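The values are calculated or read from the model by the stated rules, or taken from the named source; none is laboratory data. This one's a predicted model, so the numbers in the text were calculated from it and none came from an experiment. Note that each Cβ is placed from the backbone with ideal geometry, even for glycine, and that neighbours are counted across all protein chains shown.
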Amino acid sequence: MKFPVIKVRRLKILGTAMLLSALAALIGIALYFAPPTLASVSTVGDFVAINDALFAVRGQAWLTKLLHLPDTDPPNDNIRLVAIDEASLQDPPKGLGYPVQRTAIGDLLRKLGKAGAKIVAFDMEFFEHSHDPKVDASFEDGLRKQATVLGMTVDITQGGIMSFEQPPPDIAQLVHLGSTTVDNPGGWLVGQPYVISSTVTNSDKTTKTTVYPTLALATASYWMGATYGPIDDWHGKLGNDIVALDGNGKLLMLPFNVSEHVDQGETNGLASRAGTADLSMPAIQEVSMIDALKFDPDTMKAFAQNEVIVVGYTAQAAGDFILTPNGRYPGVFSNVRLIDQLMSHRFIHRVQPWIDVVLIVVLALAIGFIVTQLRATLGVALAIGVAVVYTAFAVAFYAYTLHWIDLVHVDGAIILSALFVALYRTITEGSDKRMITEMFGKHVSPALVSRMLSHDDPLKALDLSGKRAKVTIFYSDIRGFTAMSENMTPEQIYGQLNEYFEEMCKIVFEHGGYVDKFIGDCLMAVFSAPDPRPGTIDAVEATESAFRQQERIIEMMTEWKEQGRQLFTVGMGLNTGEVVMGNLGSSDRLNYTVIGDNVNTAARLYNVAKGGQTIISEATYNEVKDHFIVNELTPVFVKGKVLPLRNFELLARLKPGEPNTSTLLDPENLPEAYTADAH
């Protein structure tokens, strides 16, 4: 079975577009699975982007109210932050100095113990003894009076062996330990391992696995009285609760709001910088350590009883800062946030990677297909619109459900797919447009060429494989040209013919016609290929074109007579009917033309016409009878036709409101037909 060329070509374009869209999807997938250290293009960057987008939305109070966005940062009344801030780091007696002495920490622990604090977590390092036994004794006494969580770090060597750095044994036995090890891919803190497991193989080949909680998990589990442990890379347990993880055993940190206060006064000591910003978390009650040490027992009890107390540096001078999706903030804020999430059971649920991959592939391919069906610029604009809508969906899905679905890579694949396909179409359609310009530029009006080129698929607009359409075919021929040319030089012949054809073609173009070919002194035109118009428009425009051409010929002959040039008359014929239009020829040379019996009929009619006469067929007459005055001629036998043809001589235009004075024969009593002689 032979498929039409146009369809094969469309399939080729579509196939190439799908391959380019698949390439865009593969790029998106490759970046999706890029190492986390490549934060700007990996899933880390996507997590940052979706949180940035949500913060941008929340930054518009009216939009938050309009969308009824749930509060992801509600107050937690069970957590207190004792901040070692700029004021606390001033030199004594105004502050505690830097670093904060352990005697002050011991005093704080004893006050908290008396006030009934549930658990105190220090986001600070105590990996060595101080140089003063009395200081250590004061510190350890405080640890005995108050349940405390201290941090430890876990390092993994290249051989996969874990090493631990933790407080000295005499201190470690007084406290609970939690890992403060964080993973900052690309410099961003997006979460923390839920637990760290260490498996040791004994000499008898038995294995022992030890699970080390994070500082946040050790603190929250103690406050809740809940056991904890890993389930798999996507889930952990905390008492009866299931903790959502990110597929790599990491608890994702829900970004938090931060308030900033700038002290414009002058201070002394380490923090003696007017204009230094104090940062705080509005969702957590916070107090400066220097102020907490001054609390009386009742105030301390109201502040700390049965609560989780987190102690850590917030002062810029301490240098303990992290980079989060919402900005650069003190590291203790991250532990406070993770403790808050575990206590309130608010976790970020990352969707399975296969869902993200399917979205990348399906949307990229869908956009690629759509861009093949639309104008390239419109397709790219639509792709941008789809990316915007998808972004809104992903951010809303995250805001309302805390489910993280990929944003950057899906949007990137959508835009890349549109750009790839649009660029491909621009290149291929540029070739198509050049072909159309070469094929039709000198045969049809510039307006028609422009309309064809503006089509989403120029070749489809032409349907070069051939199609049936109703058109009006026009032929004209110079009468007595052969005899006339005998008295002219070749230069004169070509000069006058070109001048004549220039004027005739101009009129054809003005009425939407297509110049099919020149056959010596004969002109063939089609109204209106390759884009037929509805109703009787083509027939009326073709007839008006013929009428105007005869008028222009009279004007030209008057001018030529004055110039002493050879004169001539022209016979014209028109017929309306269905033809087949399309590319015709060999593989080496093609010509866009029309073929069919109605073309032959038009050719016979122009042979019937005498010089200065325009003959139209019965089919054309039926379409233009309300616009022109005609005189029906004797039916004529023409070559290739068994029955005689009714034919009509075009006389004049019919003006609006003017009675139609056309002379018609009685269809039931037509005179005997004659055989036409060729002119």
When you go through Pro74, Pro36 one by one, which is the residue that is surrounded by fewer than 21 Cβ atoms within 10 Å (Cβ to Cβ) and at pLDDT below 85?
Pro36
Go through (1) touching a Leu at 6+ places or on another chain (Cβ under 9 Å); (2) free of Cβ contacts under 8 Å to residues at least 24 places away in the same chain one by one and return the number of the condition Asp298 breaks.
(1)
Please indicate, with yes or no, whether at least one residue in the range 229-236 is surrounded by 20 or more Cβ atoms within 10 Å (Cβ to Cβ) and under 21 Å from Ala121 (Cα atoms).
no
Can you confirm whether the range 347-358 contains a residue that is over 28 Å from Gly239 (Cβ atoms), among the polar types (S, T, N, Q) and out of contact with any Phe, Trp or Tyr (no Cβ under 6 Å at 6 or more places or on another chain)?
no
So Ala39 clears everything in (1) outside any helix (DSSP H, G or I); (2) outside the structural domain of Ala366 (by TED's automatic domain parsing) except one condition, right? Which one?
(2)
All conditions in (1) on the phi < 0 side of the Ramachandran plot; (2) in contact with an Asp or Glu (Cβ under 9 Å, 6 or more places away or on another chain) are true of Val515 except (2)
What is the one condition in (1) surrounded by fewer than 17 Cβ atoms within 10 Å (Cβ to Cβ); (2) farther than 22 Å from Glu541 by Cα that Leu633 does not satisfy?
(1)
Taking the criterion of being surrounded by fewer than 21 Cβ atoms within 10 Å (Cβ to Cβ), touching an Asp or Glu at 6+ places or on another chain (Cβ under 9 Å) and at pLDDT below 90, would at least one residue in the range 293-309 satisfy it?
no
Against the conditions (1) under 14 Å from Gly312 (Cα atoms); (2) in a strand (DSSP E or B), where does Pro99 fall short? Just the number, please.
(2)
For the range 654-679, name all the residues that are loosely packed, with under 14 Cβ neighbours inside 10 Å and under 60 Å from the mean Cα position of the chain (by Cα).
Lys655, Pro656, Gly657
Condition met for Thr377 (of a type in the set (S, T, N, Q) and surrounded by fewer than 21 Cβ atoms within 10 Å (Cβ to Cβ)):
yes
Does any residue in the range 229-256 that is without any contact (Cβ under 8 Å) to a residue 12 or more places away in the chain come within less than 7 Å, Cβ to Cβ, of a residue that is surrounded by 14 or more Cβ atoms within 10 Å (Cβ to Cβ) and assigned to a loop (DSSP other than H, G, I, E, B) six or more places away or on a different chain, and which pairs are these?
His235/Leu245
Residues (modelled with pLDDT of 85 or more and either at positive phi or out of contact with any Ser or Thr (no Cβ under 7 Å at 6 or more places or on another chain) (or both)) located in the range 261-287
Met281, Ala283, Ile284, Gln285, Val287
Pick from the range 563-608, criterion crowded, with 21+ Cβ neighbours inside 10 Å, small (Gly, Ala, Ser) and modelled with pLDDT of 90 or more, ranking: farthest from Ala539 (Cα to Cα)
Gly571
Output the residues belonging to the range 650-679 that are in contact with a Ser or Thr (Cβ under 7 Å, 6 or more places away or on another chain) and either closer than 25 Å to Gly480 by Cα or touching a residue at least 60 places away in the same chain (Cβ under 8 Å) (or both).
Leu650, Tyr674
Which residue pairs have Cβ atoms under 6 Å apart, sit 6 or more places apart or on different chains, and have a first residue in the range 15-38 that is on the phi < 0 side of the Ramachandran plot and of a type in the set (A, V, I, L, M) and a second that is part of a helix (DSSP H, G or I) and at pLDDT below 90?
Ala17/Thr372; Leu20/Tyr424
What's the total number of residues in the range 114-128 that are over 57 Å from the mean Cα position of the chain (by Cα) and buried (at least 19 other Cβ atoms within 10 Å of the Cβ)?
1
Near pairs, Cβ below 9 angstrom, 6+ apart or cross-chain, from the range 531-542 (part of a helix (DSSP H, G or I)) to any residue that is at pLDDT below 85
Ile537/Ser528; Asp538/Ser528; Asp538/Pro532; Glu541/Ser528; Glu541/Arg533; Ala542/Ser528
Among the numbered conditions (1) without any contact (Cβ under 8 Å) to a residue 24 or more places away in the chain; (2) of a type in the set (Val, Ile, Thr); (3) surrounded by 14 or more Cβ atoms within 10 Å (Cβ to Cβ), tell me where Val175 comes up short.
(1)
Do we find a residue being in contact with an Asp or Glu (Cβ under 7 Å, 6 or more places away or on another chain), touching a residue at least 24 places away in the same chain (Cβ under 8 Å) and surrounded by fewer than 17 Cβ atoms within 10 Å (Cβ to Cβ) anywhere in the range 328-335?
no
Restricting the first residue to the range 607-634 and requiring it to be among the β-branched types (Val, Ile, Thr), which pairs with a second residue that is buried (at least 16 other Cβ atoms within 10 Å of the Cβ) and in a loop (DSSP other than H, G, I, E, B) meet a Cβ separation below 6 Å and a spacing of at least six or different chains?
Val608/Ala676; Ile615/Ala609; Ile629/Leu654; Ile629/Ser662; Val630/Ser662
Give Ala539, Ala546 a once-over and let me know the one that is more than 21 Å from Arg479 (Cβ to Cβ) and not polar (S, T, N, Q).
Ala539
So, Leu69, is that one surrounded by fewer than 17 Cβ atoms within 10 Å (Cβ to Cβ), touching a residue at least 60 places away in the same chain (Cβ under 8 Å) and out of contact with any Asp or Glu (no Cβ under 9 Å at 6 or more places or on another chain) or not?
yes
Check the range 627-649 and report whether any residue there is in a loop (DSSP other than H, G, I, E, B) and under 59 Å from the mean Cα position of the chain (by Cα).
yes
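Applying the selection to the range 336-369, what residues are outside any helix (DSSP H, G or I) and surrounded by 15 or more Cβ atoms within 10 Å (Cβ to Cβ)?
Those that are outside any helix (DSSP H, G or I) and surrounded by 15 or more Cβ atoms within 10 Å (Cβ to Cβ): Arg346, Phe347, Ile348, His349, Arg350.
Yes or no, residue by residue, for (1) touching a Leu at 6+ places or on another chain (Cβ under 6 Å); (2) within 15 Å of Leu650 (Cβ to Cβ); (3) among the aromatic types (Phe, Trp, Tyr); (4) in the same structural domain as Val624 (by TED's automatic domain parsing):
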site: Gly535; (1), (2), (3), (4): no, no, no, yes
site: Ala539; (1), (2), (3), (4): no, yes, no, yes
site: Glu544; (1), (2), (3), (4): no, yes, no, yes
site: Glu555; (1), (2), (3), (4): no, no, no, yes
site: Gln563; (1), (2), (3), (4): no, no, no, yes
site: Gly571; (1), (2), (3), (4): no, yes, no, yes
site: Val580; (1), (2), (3), (4): no, no, no, yes
site: Asn583; (1), (2), (3), (4): yes, no, no, yes
site: Thr593; (1), (2), (3), (4): yes, no, no, yes
